[in-house]
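Below is one structure, written out as structure tokens, with a few remarks after it.
The values are calculated or read from the model by the stated rules, or taken from the named source; none is laboratory data. What you are looking at is a predicted structure, and each value in this text was computed from that prediction instead of being measured. Here the Cβ positions follow ideal geometry from the backbone for every residue, glycine too, while neighbour counts run over all protein chains shown. These accessible areas exclude ligands, DNA and RNA; they are computed on the full protein's heavy atoms, side chains included. Shrake-Rupley method; radii C 1.70, N 1.55, O 1.52, S 1.80 Å.
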Amino acid sequence: MASFLISLAVLIIGYFTYGKIVDRIFDSQSERETPAISMEDGVDYIAMDWKKAFLIQFLNIAGLGPIFGAIAGALWGPSAFLWIVFGTIFAGGVHDYLSGMLSIRSGGASISEIIGENLGGTIRQIMRVFSIVLLVLVGTVFMTGPAMLLANLTPGFMGVNIWLVIILAYYFIATFLPVDQIIGKLYPIFGGALLIMALGVGGGLIFGDYNIPNIALNNLHPGELPIWPLLFVTIACGAISGFHSTQSPIMARCTSSEKEGRKIFYGAMVAEGIVALIWAAAAMTFFQGTGGLNEALASLGGPAGVVHEITGTMMGAVGGVLAMLGVIAAPITSGDTAFRSVRLTLSDIFGLEQKSVKNRLLLAIPIFIVGGALSQINFDALWRYFAWSNQTVAMVVLWAGAMWLAKRGKNHWIASIPAFFMTAVSVTYILYAPEGFQLAYNFSVIAGIVVAITTMGIYIRKINSTHFEEEIMLSEQEQAI
């Protein structure tokens, strides 16, 4: 119990301390006009109250990630607490803050454009394709999963394809309409529901007859899978996730003041870390250890069944309703914002303003034709690559953020150190994992570290070069202007 409570306290303290340090280094400025004000278009650029923006950002980046990922990560035991806490404070929070704030500074630009501005045109083109594929994949899978669950709960004539059509129609409406209509009105409610569900489970753990295990560094995974790098990829949304950077520009276009950025972006990541911490603790405690959790995942039909069992026991009928809301509504709400991000990314690529209904239709219709077609494919094999690609995007975004900071003579280490860490994670994982190259574990670990060191070396040489010093001077002149 002590480890859980201390971890929870450290997360909260981290927001008020390290979050402020990151904000101070970035130098957010209340007098600088944000795109929500200077580029207001009544569709995507609409100023919102920071509390509403925070809840929308939280729901957009969360969905089921900090629940399902934390449950799977709990199989390694309470060592998962360390990754959730320190990953959130020093990696995920920095990643989300920088992706949101850099988008604000770049006129609400999509993450691929931000990466291109800081790492060059070649990586911009790669990340354009990479991010679009990733977002379409997320949107499609977050459509098919809920459709299958709903088909099981409704009469036989309401099959999977019927629900796919209904969800796809909702996706289209939510993606096409101005952000302050469906998203601005409903998502704060759904975001609040996710927080209430997590706090209810957390309260049940603390005040109920449960013995939350304390942190131990030994590997408790029933299948004896290695902690490095698998834990750091399994728990993504609860510690650091590249998907978040694709969502941050949505709220970057709705942030009224740069001074609200820490609350919206860093704050939403800390809230997600708290949710992940609670669910990791609940999963390994409720079923009396990782062995019991492993059996529960098999017998209850995966994480969704585990969520239903825990909430139903701890929170009764209310818990059952909230669990259903989370398992079905949360992925849908993440899926539609994924498709919205695709539209915004394509609008940046082709330079199409989105105030025009015609331009929105021009981009939205092909997106949903592709999404509808892909929903008929079995994604089991492809989806396994999502975990790796998710953390790879986070790695690239951190390097881009580090470069932006270095160009302006700011403390880039807040981004370059976690970027180094995530480089080692991503490379080791793809070399070792079954869906990767399936190389020997020791070789994969060494290769991952070597690649991370080499990347850091290239980065250091770049920021120490004469040409880079000229870029710093130009950036300082731009800031002065």
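Scanning segment 432-444 for residues that are crowded, with 19+ Cβ neighbours inside 10 Å, touching a helix residue (DSSP H, G or I) at 6+ places or on another chain (Cβ under 6 Å) and touching a residue at least 24 places away in the same chain (Cβ under 8 Å) yields a single hit, Tyr432.
Per the conditions (1) of a type in the set (D, E, K, R); (2) touching a residue at least 12 places away in the same chain (Cβ under 8 Å); (3) open to solvent by 20 Å² or more (accessible area, probe 1.4 Å); (4) part of a loop (DSSP other than H, G, I, E, B), the sole criterion not satisfied by Lys52 is (4). Would segment 27-48 turn up any residue that is assigned to a helix (DSSP H, G or I) and either under 21 Å from the mean Cα position of the chain (by Cα) or on the phi > 0 side of the Ramachandran plot (or both)? No. Return yes or no: is Gly42 open to solvent by 10 Å² or more (accessible area, probe 1.4 Å), out of contact with any strand residue (DSSP E or B) (no Cβ under 9 Å at 6 or more places or on another chain), touching a residue at least 12 places away in the same chain (Cβ under 8 Å) and farther than 24 Å from Ala282 by Cβ? For Gly42, the condition - open to solvent by 10 Å² or more (accessible area, probe 1.4 Å), out of contact with any strand residue (DSSP E or B) (no Cβ under 9 Å at 6 or more places or on another chain), touching a residue at least 12 places away in the same chain (Cβ under 8 Å) and farther than 24 Å from Ala282 by Cβ - is met. The helices (runs of 4 or more DSSP H) found entirely in segment 155-256 that carry 1 or more residues being touching a Lys or Arg at 6+ places or on another chain (Cβ under 8 Å) are 160-176, 182-207, 243-252. Of the residues Ser106, Ser112, the single one that is within 22 Å of Ala252 (Cα to Cα), among the hydroxyl-bearing types (Ser, Thr, Tyr) and open to solvent by less than 10 Å² (accessible area, probe 1.4 Å) is Ser112. Selection over segment 4-19 of residues that are loosely packed, with under 13 Cβ neighbours inside 10 Å and not hydrophobic (A, V, I, L, M, F, W, C) gives a count of 1. For segment 420-431, does any single residue satisfy the condition of being touching a Leu at 6+ places or on another chain (Cβ under 8 Å), at pLDDT 95 or above, among the β-branched types (Val, Ile, Thr) and open to solvent by less than 80 Å² (accessible area, probe 1.4 Å)? Taking every residue of segment 420-431 in turn, none turns out to be touching a Leu at 6+ places or on another chain (Cβ under 8 Å), at pLDDT 95 or above, among the β-branched types (Val, Ile, Thr) and open to solvent by less than 80 Å² (accessible area, probe 1.4 Å). Close contacts from segment 138-149, counting a first residue that is under 8 Å from Val160 (Cα atoms) and a second that is assigned to a helix (DSSP H, G or I), with Cβ to Cβ under 6 Å and a gap of 6+ residues or different chains, come to Ala147/Val160; Ala147/Trp163; Ala147/Leu164; Ala147/Ile167; Met148/Val160.
Would you say Phe286 is open to solvent by 10 Å² or more (accessible area, probe 1.4 Å), modelled with pLDDT under 95 and aromatic (Phe, Trp, Tyr)? When the stated conditions are applied, Phe286 passes them. The listed residues are Ala329, Ala276, and the only one of them that is open to solvent by 10 Å² or more (accessible area, probe 1.4 Å) and not hydroxyl-bearing (Ser, Thr, Tyr) turns out to be Ala329. Among (1) closer than 19 Å to Leu374 by Cα; (2) crowded, with 16+ Cβ neighbours inside 10 Å; (3) more than 20 Å from the chain's Cα centre (by Cα), there is one condition Gly202 misses while meeting the rest; what is its number? For Gly202, the exception is condition (1). Candidates are the residues of segment 295-310 that are under 24 Å from Trp83 (Cα atoms) and crowded, with 16+ Cβ neighbours inside 10 Å; the one that is modelled with the lowest pLDDT is Ala304. Residue pairs whose Cβ atoms lie under 9 Å apart, separated by 6 or more positions or on different chains, with the first residue in segment 280-305 and among the charged types (D, E, K, R) and the second open to solvent by 10 Å² or more (accessible area, probe 1.4 Å), are Glu295/Pro222; Glu295/Phe287.
Per the listing Phe130, Phe142, the residue uniquely among the aromatic types (Phe, Trp, Tyr), in a helix (DSSP H, G or I) and at pLDDT 80 or above is Phe130.
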